[in-house]
Amino acid sequence: MTKTSTRRGFMKGGLTAGAALATAGLVAPARAGGDPAITEIQDWNRYSGAGVDASPYGKPSDFEAHVMRRNVAWLTADPVSSVNFTPLHELDGIITPNGLCFERHHAGVAEVDPQQHRLMINGLVDTPLVFTMADLMRFPRENHIYFLECAANSGMEWRGAQLNGCQYTHGMVHCVMYTGVKLKHLLAEAGVKTAGKWVMPEGADASAMTRSIPLEKAMEDCLVAFKMNGEALRPEQGYPLRLVVPGWEGNMWVKWLRRLEVGDEPWHAREETSKYTDLLANGKARRFTWVMDVKSVITSPSPQMPITHGKGRTVLTGLAWSGAGKISRVDVSLDGGRNWVTARLDGPSLTKALHRFYHEFDWDGSELFLQSRAIDEAGFVQPTKQELRAVRGANSIYHNNGIQTWHVAKDGVVENVEIS
Amino acid sequence: MSRFLKALAVLAPFLITANGATAQDADAGAKVFNKCKACHVVGEGAKHRVGPELNDLFGRTAGSAEGYKYSPAMTTAGEGGLVWNDESLHAYLVAPRSFVKGTKMAFAGLKKQEEIDNLLAFLKSYSSDAAAPQEEEAKPEEKSEAPAAAPEKKTEAEIPPPSAAPATAVATHGVFHLGRPATGDEIAAWDIDVRPDGQGLPDGRGTVAQGEVLYSDQCAACHGDFGEAIGRWPVLAGGLDTLTNDRPVKSIGSYWPYLSTVYDYIRRSMPFGDARSLSDDDVYALTAYVLYLNDIVTDEDFELSRDNFTAVDMPNKDGFIDDDRLSETHYADKAEPCMKDCRPGTAEITAHAAVLDVTPDGEDDGEGAPSIE
């Protein structure tokens, strides 16, 4: 993000554009001769555009240049070991475009030559093995759409409303279709010994990320993926190979995956002791908190997506997801949780994937307190932030799935707030 | 870019592949073969000696060389479908007696990948079938006929092996027979993880005083002279008994449950931007120094090694509990949520993000805000 594109600048830009649209929509009948967008011949209607050789790998319209990942510079010590955020407020449906999937890496984006990439399986196996990428392409493949959420998503909001935009409060999540090989096939190829109870994936990057995954999960639904949304993984998502651990915290989805070790005990790596453990108010910390709990957020209206059309028909939309499976219902409140209506889920409902919801209503121009509340197929209900804080305190960092409140002012400006 | 250059760019990956495939060095392999010469002969007029002659080895069914007395294990392996090719010879040469349990070949195996590659390149030069070494499936008649022609009379003179294990003697592992066995050197190069029980700790040692020198040079710029951290880099020391505070300090001393995590993490990831550059001794020394920064050891002459490593207890080793989120009432209840008049009164704002204003490019970026690290 450049220094000139400040949030306020962006917001103003958004409002200006919105106002122009509103003018076009509402005031046009009063304009003599009609809307110039119609009455005047536009350049694109008159002149030929670019040819098929202009953009061999296509990119979004220049008018969408503001739709991008953004980082929060003060959040971490260095952008090389940091995070940026998916622009959820600009997206629709359930699939995240590859170039907009948030990034989190611990030693920058490794540039791995796939010809030189190897995946090793060692430890408590009958035959320690080495696979090339070509070897992996000869296993049976599967396609699955899964969300990936960082355990620290919304982690800045434990003490109260901090960041003004769902990109920042909830943008450490994305959802793509992965193509890969079931981890159980790879493990079976090496032959897991009966003493093997844990699997440790390791990355090839300069952080050599490791985590401990119980064998049961590894055999259940983990994938070793090489494609996302049909094309090769992006470098920042682990090209050429990453682990997919459906429904579990993103840190376990080791990128640039080069090794899987089978063991009889967990390893207690840095990322499962010092980090990704959840400190409670009593000074004890929960460890191995793998599952991402039921969660939702309204992506529009939201602070980066104010209501610019004035009173009348309004589309509210958002995302819901749960590491426990499918989302069975999303409720929406316009009055800060006093009264709720059930939103309309649309699009595919897939286990451990993002779900899209809508609620269309007529805005009367009064102040609103927007909330969404997801319920998953296991029956778990998304809790309020107050409920979470009452049990866990404010220093857990991870696994904040509390209900988000957006305040809509009478002028349509939206803000991240905490309410009574 | 000219069309010619573009064509080269497209070809580049294939050129690399081709180079990789020819990286085996038959001349170097001839030297490696010196280790085999006591028992094996290859080349024109080669005869069986202690071991079978090795002409046309590639594509040969195991245990099928005419006139050689094989172990029952090797014969059985051939009957089970073992054909000598790049993959199977690789696996065999790494550890002959575990690949074909009961083989007569007493050779311990070649530990270096490069030696095996070169040796195989050398042997290939005496094999007419080496052009298609991977296609073992394409030779059904050899599988069914060759072993049948060989066995009985050849095995008579042999001492029975301690355990003939045909199940493990087949050439292929697993279900799809994909990948190849990892060599000992390969596993050693990557398997550097260390567990709390000390599994994985390498040989070596280092003192607090040695660690201090390394730390000043390579760590203090980010972590601070006393582990207090510069900016938002991780705090390494201090914070003891702060975990119940409003603003806890989670340092190695105050929070980390196991010393093994310190060794493992420094060894694999530090120093930031130059990972894997420290020796095992360096990592012992730095781990010792981190203990010193946290007053867990107080003697500058303290030396940490594999021998005393697991005797060090971290202050917060009992500070962790397993995941019990689902016992929280908001989950345990699984109650049908309220839909109408759920809270009293109207909503009042108690906190604004705009007041804290730490959203990127606000005027007071990040002042007083917590880190996700």
Collect residues whose amide H, placed 1.01 Å from N in the peptide plane, falls under 5 Å from the amide H of residue A:178; neighbours closer than 5 in sequence don't count.
A:144, A:145, A:146, A:229
Roughly how many whole Å is it from the C-alpha centroid of the stretch B:96-130 to that of the stretch A:381-415?
64 Å
Compare the Cα positions of A:208, A:229, A:279 along the charge dipole of the stretch A:200-282 (+1 at Cβ of Lys, Arg; -1 at Cβ of Asp, Glu; about the Cα centre) and return the one farthest towards the positive end.
A:229
Whole angstrom only: what separates the Cα centroid of the stretch B:294-315 from the Cα centroid of the stretch A:314-374?
54 Å
Per residue of B:313-322, how many C-beta atoms from partner chains lie within 10 Å of its own C-beta, taken as a mean?
4
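Suppose a student asked you for the relative contact order of chain A, using Cα pairs under 8 Å spaced at least 6 residues apart; what percent would you report? The partial results should precede the final answer.
Details: 939 pairs, mean separation 66.2, N = 420.
It rounds to 16 percent for chain A.
For the stretch A:98-206, take N as its residue count and report Rg(C-alpha) divided by 2.2 N^0.38 Å. Let's see the in-between values first.
Numbers: Rg = 18.1 Å, N = 109, 2.2 N^0.38 = 13.1 Å.
Dividing the Cα Rg of the stretch A:98-206 by 2.2 N^0.38 Å gives 1.38.
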Taking θ as phi - 60°, what are the ³J(HN,Hα) couplings along the stretch A:68-83 by the Karplus curve (6.51, -1.76, 1.60), each to the nearest whole Hz, with x for Gly and Pro?
7, 5, 10, 10, 10, 4, 6, 5, 10, 6, 7, x, 6, 10, 8, 8
In the stretch B:29-70, GluC sites (Glu not before Pro) in a DSSP loop with at most 12 other beta-carbon atoms within 10 Å
B:44, B:66
Cβ under 11 Å from residue B:178's Cβ, residue B:178 left aside: what net charge do those residues give with Lys, Arg +1 and Asp, Glu -1?
-1
Mind listing the phi-derived Karplus ³J(HN,Hα) values for the stretch B:228-234, rounded to whole Hz, using 6.51, -1.76 and 1.60 with θ = phi - 60°, and x for any glycine or proline?
7, 6, 9, x, 9, 5, x
In nm, the gap between the two label points placed 7 Å beyond Cα toward Cβ at residue A:41 and residue B:322 is 7.6 nm
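What is the packing order of peptides A:262-273, A:291-302, B:105-116, A:123-134, taking the mean over residues of other C-beta atoms within 10 Å and listing the highest first? Don't skip to the answer; put the middle values down first.
Details: A:262-273: 21.9, A:291-302: 25.8, B:105-116: 16.7, A:123-134: 19.6.
In descending order of packing, they fall as A:291-302, A:262-273, A:123-134, B:105-116.
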Could you name the lysines whose alpha carbon sits less than 20 Å from that of residue A:227, not counting residues in the same chain fewer than 8 places away?
A:59, A:182, A:184, A:255, A:352
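For the stretch A:104-286, what is the convex hull volume of its Cα atoms per residue in Å³? Could you put the intermediate results ahead of the total?
Details: hull volume 21.9 nm³, N = 183.
With only Cα atoms used, the stretch A:104-286 gives 120 Å³ per residue.
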Give the distance, in whole Å, between the Cα centre of the stretch A:66-91 and the Cα centre of the stretch B:185-212.
36 Å
Show me, for the stretch A:226-239, the HN-Hα J-couplings you get by feeding each phi into the Karplus relation (A = 6.51, B = -1.76, C = 1.60, θ = phi - 60°), rounded to Hz, glycine and proline as x.
10, 10, 10, 6, x, 10, 3, 3, 6, x, 6, 10, x, 3
Peptide-level mean, for B:228-238, of C-beta atoms on other protein chains within 10 Å
2
Helix-only [θ] at 222 nm, chain A, -39500 (n - 2.57) per DSSP H run of 4+, per residue, nearest 500, equals -3000 deg cm²/dmol
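With +1 assigned to the C-beta of every Lys and Arg and -1 to the C-beta of every Asp and Glu, and no other charges, what is the dipole magnitude of chain A about the Cα centre in debye, to the nearest 20? Could the numbers behind the result be given before it?
Details: 45 positive and 46 negative charges, 110 e Å.
Roughly 540 debye for chain A.
Please give the charge dipole size of the stretch A:295-416, origin at the Cα centre, charges +1 on K and R Cβ atoms and -1 on D and E Cβ atoms. Round to the nearest 20 debye.
Details: 14 positive and 12 negative charges, 74 e Å.
Using only the charged Cβ atoms, the result is roughly 360 debye.
Which chymotrypsin sites (Phe, Trp or Tyr not before Pro) does the stretch B:223-292 hold that lie in a coil by DSSP with at most 16 other beta carbons within 10 Å? Let's see the in-between values first.
On the way: sites: B:226, B:255, B:258, B:263, B:265, B:272, B:284, B:289, B:292; in loops: B:226, B:255, B:258, B:272.
Counting only loop positions with at most 16 other Cβ atoms within 10 Å, the chymotrypsin sites (Phe, Trp or Tyr not before Pro) in the stretch B:223-292 are B:226.
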Count, for each residue of A:367-379, the Cβ atoms from other chains sitting within 10 Å of its Cβ, then give me the mean as a whole number.
2
With label points built 7 Å along Cα→Cβ from the Cα atoms of residue A:339 and residue B:28, find their separation and express it in nm.
7.9 nm
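Sort A:179-192, B:293-306 by packing, meaning the average of other beta carbons within 10 Å per residue, with the highest value first.
Listed from highest to lowest mean packing, they are A:179-192, B:293-306.
All of the numbers you see were taken from the coordinates with simple rules; none came from a lab. No experiment lies behind these values; they were computed from the predicted model shown. A quick note on method: Cβ atoms are made from the backbone with ideal geometry, for glycine too, and the neighbour counts reach across all protein chains shown.
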